[in-house]
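Inspection log for the structure reproduced underneath, given as structure tokens.
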There are 4 protein chains.
Amino acid sequence: MAGNTFGSLFRLTTFGESHGPAIGGIIEGCPAGLKVDQDFILTEMQRRKPGQSQITTQRKEEDFVEFVSGIFKGVTTGVPIGFLIRNADQRSSDYEHLEEAYRPSHADFTYDQKYGHRDHRGGGRSSARETAARVAAGALAKLLLNQKGISVKAFVKQVGAVILGKDHDQLDLSLTDSNIVRCPDEKTAQKMIKHIEDVRGLGDTVGGVVQCVIDNVPVGLGEPVFDKFPALLGHAMLSINAVKGFEIGDGFSAALKKGSELNDLFNEIKKGTPITKTNHSGGVQGGISNGMPIFFNVAFKPVSTLMMEQPGLSKSGKEVKLGAKGRHDPCVVPRAVPIVEAMAAIVTADLLLLANNNRISDGQQD
Amino acid sequence: MAGNTFGSLFRLTTFGESHGPAIGGIIEGCPAGLKVDQDFILTEMQRRKPGQSQITTQRKEEDFVEFVSGIFKGVTTGVPIGFLIRNADQRSSDYEHLEEAYRPSHADFTYDQKYGHRDHRGGGRSSARETAARVAAGALAKLLLNQKGISVKAFVKQVGAVILGKDHDQLDLSLTDSNIVRCPDEKTAQKMIKHIEDVRGLGDTVGGVVQCVIDNVPVGLGEPVFDKFPALLGHAMLSINAVKGFEIGDGFSAALKKGSELNDLFNEIKKGTPITKTNHSGGVQGGISNGMPIFFNVAFKPVSTLMMEQPGLSKSGKEVKLGAKGRHDPCVVPRAVPIVEAMAAIVTADLLLLANNNRISDGQQD
Amino acid sequence: MAGNTFGSLFRLTTFGESHGPAIGGIIEGCPAGLKVDQDFILTEMQRRKPGQSQITTQRKEEDFVEFVSGIFKGVTTGVPIGFLIRNADQRSSDYEHLEEAYRPSHADFTYDQKYGHRDHRGGGRSSARETAARVAAGALAKLLLNQKGISVKAFVKQVGAVILGKDHDQLDLSLTDSNIVRCPDEKTAQKMIKHIEDVRGLGDTVGGVVQCVIDNVPVGLGEPVFDKFPALLGHAMLSINAVKGFEIGDGFSAALKKGSELNDLFNEIKKGTPITKTNHSGGVQGGISNGMPIFFNVAFKPVSTLMMEQPGLSKSGKEVKLGAKGRHDPCVVPRAVPIVEAMAAIVTADLLLLANNNRISDGQQD
Amino acid sequence: MAGNTFGSLFRLTTFGESHGPAIGGIIEGCPAGLKVDQDFILTEMQRRKPGQSQITTQRKEEDFVEFVSGIFKGVTTGVPIGFLIRNADQRSSDYEHLEEAYRPSHADFTYDQKYGHRDHRGGGRSSARETAARVAAGALAKLLLNQKGISVKAFVKQVGAVILGKDHDQLDLSLTDSNIVRCPDEKTAQKMIKHIEDVRGLGDTVGGVVQCVIDNVPVGLGEPVFDKFPALLGHAMLSINAVKGFEIGDGFSAALKKGSELNDLFNEIKKGTPITKTNHSGGVQGGISNGMPIFFNVAFKPVSTLMMEQPGLSKSGKEVKLGAKGRHDPCVVPRAVPIVEAMAAIVTADLLLLANNNRISDGQQD
């Protein structure tokens, strides 16, 4: 209700601020019997972690996930999986000057108005640190999806005006992590990195776009009305900090086209399932997966915290000069890749479990 | 769970297919004491109804909302409001040829795979007729929001390649309904209408974009993590048939910009609330309303049902020729305007009720 | 949220007051492919209906269930099942004198305080008529449970001080409906009927106890912590009008006993499942079904509306004389039998669907 | 969904097994601005803790609640409150012999069947240790209720056949904690203690009844249909380990009475609110609080783990001799008192927050 829970059957509830002792969460609904590959989880956490390259913030976060329940002898037991990620390297003093000031385009002012009692250190609940809990839960969701052969892969498609002119199906996504900007096209990657470094040199920040593809999704996932597959994906993505837009398949460019250009005609039948000649719809029809790859784009605005000076507002309504004293990313998009994947994996795992009750199984009906 | 419910406190649950006796729903959480303006509700329903102009389908739908509970002597009683909208003018024979065939880019195939037992008449639950229930509930949500002075207004910003180059704040939104395409700029409206008529002449369809603005929202609505205001709006919009994209504030174009260009600096203080010089963020910071107008765009693909012949797939996997026999819109975007408004109103009403428990009120704490 | 929904996967949401045009509801989560036996549903509704015998109220209620969605050619389609039960024979004039008065032990006063705007005719949402929607949904749940061989059977165990000294396992429950009081022991039934008639002669009412048994429940239904099987059953039963107590297995008498007397020792193994020698626990251990019959008792207070005169309170705080002008039951317990069964069936169906995701199935784990 | 969450607005989600590193939970919905009295919370935890007297188990549990989020400078911030309670003094070896055996009347067998992968140490999720998280959350709920003057007080009313023949209104509940059995009547308390010691001497266990009263509840809490106040209380209580029965007001004895005996007639008007002469209903009418004290009884069966030898079942279906090697309570009822209070406080806090949206406030309606 209070918006700290995501999902209905496979479900994550999180807690924690960047400057408390720990963040963490509870994963419910993970069926018993899943082998928990700790190395994989650690790898996923490392992909999100700040300080992983010269184009990300040099702030260090301890991102070790301490599971405290629901796993016994390396296998899930079916009961809730509680986990903690300790906060280390907290430099609250970086934020002391913000106790009485609102930064522009931050949640400082809205929080103060909403709750009347704000933890001013590091953005509180609005800190991007909260996404670490999503990545931990997403890693578990990925392990569950792996059982069914479903994969979730995201990559950076755009940084500022540097745009990769190819979609997932023209790229080798195994190359995504081969460079620090997480763009699977090496040439474009180098341009992106250059652009981020230029922007950082100015004390400024820059936005971008992440594309994500969910492959090998069985036909029939997604609910027909309010919980269409794209609606849940959109909810998930727009709940990530700094996200301003979401589109599935042809997205906004679909608005420019005619029906005869956009309809995905059926082609061959593969293992009893019809395959479409095109995939403008992005793998869903009527909100339900049709067996084609599900792909979508997520737009991130540039980080609001700049290293250059900018005016803020004091609580008493006066303009104050603010310079960022913390350590912040010039571009969050490379680090957003595992977060987008995590949320997509959680949505897919949830719909997968829900689909177990779509119909009376053959053996049941007399 | 099964995705027929939207909202947590102000909540809509719907049922119904286009070719059953009725569609309808239950509205929960509307506080007691709200005067129900039936004329207003009727007007809203008329705005969504097919057959309202020469550029919409000539299919007639009876869109009278029959409230069967929760209202006594014209005022809400606080208990659930059940309502029905009878289906009339059903021409099931228009769909008989579809019993054994899947239309391209429709939910026919995905439904059959998901449920194994499909009502092939008119798209079943995936029919756009389902949105009538949303408009009915949205009308009630609007009445509730009116109590607080909050308004929700949408208009058509794009039809195919005809794009209105202005945003809500440069337009007189009282003109939206003055033309049949619901674009408040008369010149652009005429171009849009011409374009839709051209496309219809070809037996084709065309997509577009709706912009919506929620005005006078109090500061503090929206939850900080998973239920950010834009996340709920995105969920709501992407659950509408044919929607392929959602963006708030500067949206996808924010990805192109630098932080220094995009940050909304504080300006004057109005009634104790700081106003920002710009509104790139679209009225939210950290997922929470900041008192500025909330605005967003919704992209609609062209309707998949064409009046020209196109190939479909028979259940046995053979290509079949399909021509639309029903009556369908060449462009749904004008009729989508009230649907977008309705879903935005439901989201806002829900967050308004949730915000009543943000903090201990002054009188309560000792 | 507002308490009009019961269940998580198999889920009922209801609306309606006794004196509006209709009551009804939406059943979500019923898998596609279930044959809907309309005769069975009608029979269940008849069992709850007032006016069915000389010991129940002579008020007539039309209890025909009109399904308006989710069923096609007699089979569920997997989408929400909307239904209506029209209110007929409304004699609002019977209640006019109550517009300004609160009856003792009724919801009149609490409603007025809660909502400030009350439909005074017939108890509004608190009317027992609301239970008709539960019986309709319960009938569907029973059909679903039948697929798995699960049965739900209740009977009257006590009326006032007339107590049937046997439990379900010593009785032939096929005899329950053979008399109007729904007690499967004919001798006791006659005493109960006599007692009810005596009480009615005095213008008074009398309470009682219903016992219910759920048979053939697979091992493993129920969730270990908050949603233990008995917790959900208790919630369900205590949500029925006039219910004041719930106990499972030995219930309150278990408080009198020692552990050595109460533990259910294992006996033989039947089809791989251990059977216990006794069933003091009522078929659950740790909140989870153990394969033994689940049984529980539900205590009903006497109806508060008496045919004798009793003092009420006017809105202005003065004592007023009230005599019931409506038509009311001297004892609701016989008519409560199908309601108890319906709610038990809904709980069981919900847990059955939830259990589909308890563990990774054998074929899935590598 | 998976039953680890309780409440809708004021909401607790828990995790943890008795033999993992920690148990804990997340409290959502607590409004910002509540002062958190840590001493009070510690006191509540101590009341539930094992090893507190000679009639409870001598097993030591570290019950220090470590809050890791949602509290800043001693005051709630409105965001989720995560907390941990470390497990100490784990003697897993006490349970090793249970890896291959099912204890009678325990969840061993049902767990194994449900999940196929069980943490056999100490009952896993079914361990009564889980209730520590409830007491922690309940303490916070009590602090919230205190703001409104609402109190929640429970006491032991029965141990085996030793029954206190008085109800809450004839007792001085400030005496409850003056003896180790938590019975406010000293004479009865001594008999109860003697009985528990006798039973322990036999290696046996004994059940009992807890009565709880919620005082000063405003009129209008509770929802009219599925979430009646008693239904939520019943759900809450029956989710506590070893609970077999729940009754509100006159409960099961109401089934014995006539309506004319049981109706609560109105008496004087106090501060605008009518007071009833009697309180057979236990403070609710139609599921909604009427301003009178809410009281209810909860029946606990004797603990299933005996210190005497009793037969269990091996996984291969053979009878095995079991003697308890752990440290267990001969009677849990005294320690259940704070657990009953905690769950009652959580239910009441939740309904209190929900009631904020019952009606349009005076100032809002034009």
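The values are calculated or read from the model by the stated rules, or taken from the named source; none is laboratory data. Quick caveat, the model's predicted, so the values are computed rather than measured. Heads up, the Cβs are rebuilt from the backbone with ideal geometry, glycines too, and the neighbour counts pull from every protein chain shown. Just so you know, the surface numbers come from the protein's heavy atoms only, side chains and all, with ligands and any DNA or RNA stripped out. Shrake-Rupley method; radii C 1.70, N 1.55, O 1.52, S 1.80 Å.
Of (1) part of a loop (DSSP other than H, G, I, E, B); (2) modelled with pLDDT under 90; (3) out of contact with any Pro (no Cβ under 9 Å at 6 or more places or on another chain), D:LYS60 satisfies all except one. Which?
It is condition (3) that D:LYS60 fails.
Are any of the residues in region B:240-260 hydroxyl-bearing (Ser, Thr, Tyr), modelled with pLDDT under 95 and either buried (at least 24 other Cβ atoms within 10 Å of the Cβ) or on the phi < 0 side of the Ramachandran plot (or both)? It would help to see each step written out before you state the result.
From region B:240-260, those hydroxyl-bearing (Ser, Thr, Tyr) are B:253, B:260; that's our starting set.
Among the residues that remain, those that are also modelled with pLDDT under 95 are: B:260.
Cutting the leftovers down to either buried (at least 24 other Cβ atoms within 10 Å of the Cβ) or on the phi < 0 side of the Ramachandran plot (or both) gives us B:260.
Yes.
Could you tell me whether region A:274-286 includes any residue that is assigned to a strand (DSSP E or B) and under 23 Å from A:PHE226 (Cα atoms)?
yes
Could you check how many residues of region A:196-232 are surrounded by fewer than 24 Cβ atoms within 10 Å (Cβ to Cβ) and either among the acidic types (Asp, Glu) or without any contact (Cβ under 8 Å) to a residue 40 or more places away in the chain (or both)?
5
Quick one: C:SER239 ticks every box in (1) out of contact with any Pro (no Cβ under 8 Å at 6 or more places or on another chain); (2) farther than 22 Å from C:GLU130 by Cβ except a single one, so which number is it?
Only one criterion is unmet by C:SER239, namely (2).
Quick one: would you say D:VAL347 is in contact (Cβ under 8 Å) with a residue 40 or more places away in the chain and open to solvent by less than 10 Å² (accessible area, probe 1.4 Å)? Break it down into steps so the answer makes sense when it comes.
Working: in contact (Cβ under 8 Å) with a residue 40 or more places away in the chain: yes; open to solvent by less than 10 Å² (accessible area, probe 1.4 Å): yes.
Spelling it out, D:VAL347 is indeed in contact (Cβ under 8 Å) with a residue 40 or more places away in the chain and open to solvent by less than 10 Å² (accessible area, probe 1.4 Å).
Examine region C:54-67 for a residue that is within 20 Å of the chain's Cα centre (by Cα), among the polar types (S, T, N, Q) and within 27 Å of C:LEU353 (Cα to Cα), and state whether such a residue exists.
No, the conditions are met nowhere in region C:54-67.
Find the residue count for region A:158-176, including only residues that are in a helix (DSSP H, G or I), touching a residue at least 12 places away in the same chain (Cβ under 8 Å) and either open to solvent by 80 Å² or more (accessible area, probe 1.4 Å) or farther than 25 Å from A:ILE294 by Cβ (or both).
Step one: of region A:158-176, the residues in a helix (DSSP H, G or I) are A:168-170, A:173-176.
When the remaining residues are screened for being touching a residue at least 12 places away in the same chain (Cβ under 8 Å), the result is A:168-169, A:173, A:176.
Then drop every residue that is not either open to solvent by 80 Å² or more (accessible area, probe 1.4 Å) or farther than 25 Å from A:ILE294 by Cβ (or both), which leaves A:169.
Here the count works out to 1.
Mind checking which residues of region D:1-38 are more than 8 Å from every other protein chain (Cβ to nearest Cβ), open to solvent by less than 10 Å² (accessible area, probe 1.4 Å) and not in a loop (DSSP other than H, G, I, E, B)? Walk me through it before giving the result.
Pass one, region D:1-38, residues more than 8 Å from every other protein chain (Cβ to nearest Cβ): D:7, D:10, D:12, D:18-19, D:27, D:30, D:36-38.
Still in the list and also open to solvent by less than 10 Å² (accessible area, probe 1.4 Å): D:10, D:12, D:27, D:30.
Matches in region D:1-38: D:LEU12, D:ILE27.
I need the full set of residues from region B:117-173 which are of a type in the set (Lys, Arg) and away from chain A (no Cβ under 14 Å), in order please.
Let us first name the residues in region B:117-173 that are of a type in the set (Lys, Arg), namely B:118, B:121, B:125, B:129, B:134, B:142, B:148, B:153, B:157, B:166.
Residues satisfying the conditions are B:ARG121, B:LYS142, B:LYS148, B:LYS153, B:LYS166.
Within the group A:LYS187, A:LYS114, which residue is of a type in the set (D, E, K, R), buried (at least 19 other Cβ atoms within 10 Å of the Cβ) and over 27 Å from A:GLY82 (Cα atoms)? Reasoning before the result, please.
Numbers: A:LYS187 fails: buried (at least 19 other Cβ atoms within 10 Å of the Cβ).
Just a single option satisfies the conditions, and that option is A:LYS114.
Could you tell me which of the residues B:GLU197, B:GLU223 is in a loop (DSSP other than H, G, I, E, B) and out of contact with any Ser or Thr (no Cβ under 8 Å at 6 or more places or on another chain)?
Working: B:GLU197 fails: in a loop (DSSP other than H, G, I, E, B).
Result of the check over B:GLU197, B:GLU223: B:GLU223.
Only one of C:PRO334, C:PRO302, C:PRO311 is surrounded by 24 or more Cβ atoms within 10 Å (Cβ to Cβ) and within 10 Å of chain D (Cβ to nearest Cβ). Can you tell me which?
None of the other options fit; the residue is C:PRO302.
Tally up the residues in region B:239-256 that are free of Cβ contacts under 8 Å to residues at least 40 places away in the same chain and hydrophobic (A, V, I, L, M, F, W, C), please. Don't jump to the end; show me each part of the working.
To start, the set of residues in region B:239-256 that are free of Cβ contacts under 8 Å to residues at least 40 places away in the same chain comprises B:250, B:252-256.
Filter once more, so that each one left must be hydrophobic (A, V, I, L, M, F, W, C): B:252, B:254-256.
Within region B:239-256, residues that are free of Cβ contacts under 8 Å to residues at least 40 places away in the same chain and hydrophobic (A, V, I, L, M, F, W, C) number 4.
Go through (1) facing chain B (nearest Cβ under 9 Å); (2) open to solvent by 30 Å² or more (accessible area, probe 1.4 Å); (3) small (Gly, Ala, Ser) and name the single condition A:SER316 misses.
Only one criterion in (1) facing chain B (nearest Cβ under 9 Å); (2) open to solvent by 30 Å² or more (accessible area, probe 1.4 Å); (3) small (Gly, Ala, Ser) is unmet by A:SER316, namely (1).
With respect to D:GLY282, determine if the residue is more than 7 Å from every other protein chain (Cβ to nearest Cβ), at positive phi, open to solvent by less than 10 Å² (accessible area, probe 1.4 Å) and in contact (Cβ under 8 Å) with a residue 24 or more places away in the chain. I'd like the intermediate steps shown before the answer.
Values: more than 7 Å from every other protein chain (Cβ to nearest Cβ): yes; at positive phi: yes; open to solvent by less than 10 Å² (accessible area, probe 1.4 Å): yes; in contact (Cβ under 8 Å) with a residue 24 or more places away in the chain: yes.
Here the answer is yes, as D:GLY282 does meet what is asked.
Give the residues of region C:257-273 that are in contact (Cβ under 8 Å) with a residue 24 or more places away in the chain and part of a loop (DSSP other than H, G, I, E, B), sorted by residue number. Let's see the steps before the verdict.
First pass over region C:257-273, keeping only residues in contact (Cβ under 8 Å) with a residue 24 or more places away in the chain: C:264, C:273.
Correct list: C:ASP264 only.
Please find, among A:ILE294, A:ILE339, A:ILE288, A:ILE269, the residue that is at the interface with chain B (Cβ under 7 Å from one of its Cβ atoms) and surrounded by 24 or more Cβ atoms within 10 Å (Cβ to Cβ).
Values: A:ILE294 fails: at the interface with chain B (Cβ under 7 Å from one of its Cβ atoms); A:ILE339 fails: at the interface with chain B (Cβ under 7 Å from one of its Cβ atoms); A:ILE269 fails: surrounded by 24 or more Cβ atoms within 10 Å (Cβ to Cβ).
One residue alone meets the criteria, A:ILE288.
Looking at A:VAL225, A:VAL209, A:VAL213, which one is touching an Asp or Glu at 6+ places or on another chain (Cβ under 9 Å) and at the interface with another protein chain (Cβ under 7 Å from one of its Cβ atoms)?
A:VAL225
Given the residues B:LYS321, B:LYS277, which is the only one that is without any contact (Cβ under 8 Å) to a residue 24 or more places away in the chain and more than 30 Å from B:SER126 (Cβ to Cβ)? I'd like the intermediate steps shown before the answer.
Numbers: B:LYS321 fails: more than 30 Å from B:SER126 (Cβ to Cβ).
Only one candidate passes the filter, namely B:LYS277.
For region C:124-154, what are the residues that are closer than 30 Å to B:ILE71 by Cα, out of contact with any Ser or Thr (no Cβ under 6 Å at 6 or more places or on another chain) and of a type in the set (S, T, N, Q)?
Passing the criteria: C:SER126, C:THR131.
Tell me, please, whether a residue that is in contact with a His (Cβ under 8 Å, 6 or more places away or on another chain), open to solvent by less than 10 Å² (accessible area, probe 1.4 Å) and modelled with pLDDT of 95 or more can be found in region D:145-157.
Of region D:145-157, the ones in contact with a His (Cβ under 8 Å, 6 or more places away or on another chain) are D:153, D:155.
Cutting the leftovers down to open to solvent by less than 10 Å² (accessible area, probe 1.4 Å) gives us D:155.
Now restrict to residues that are modelled with pLDDT of 95 or more: D:155.
Within region D:145-157, one or more residues are in contact with a His (Cβ under 8 Å, 6 or more places away or on another chain), open to solvent by less than 10 Å² (accessible area, probe 1.4 Å) and modelled with pLDDT of 95 or more.
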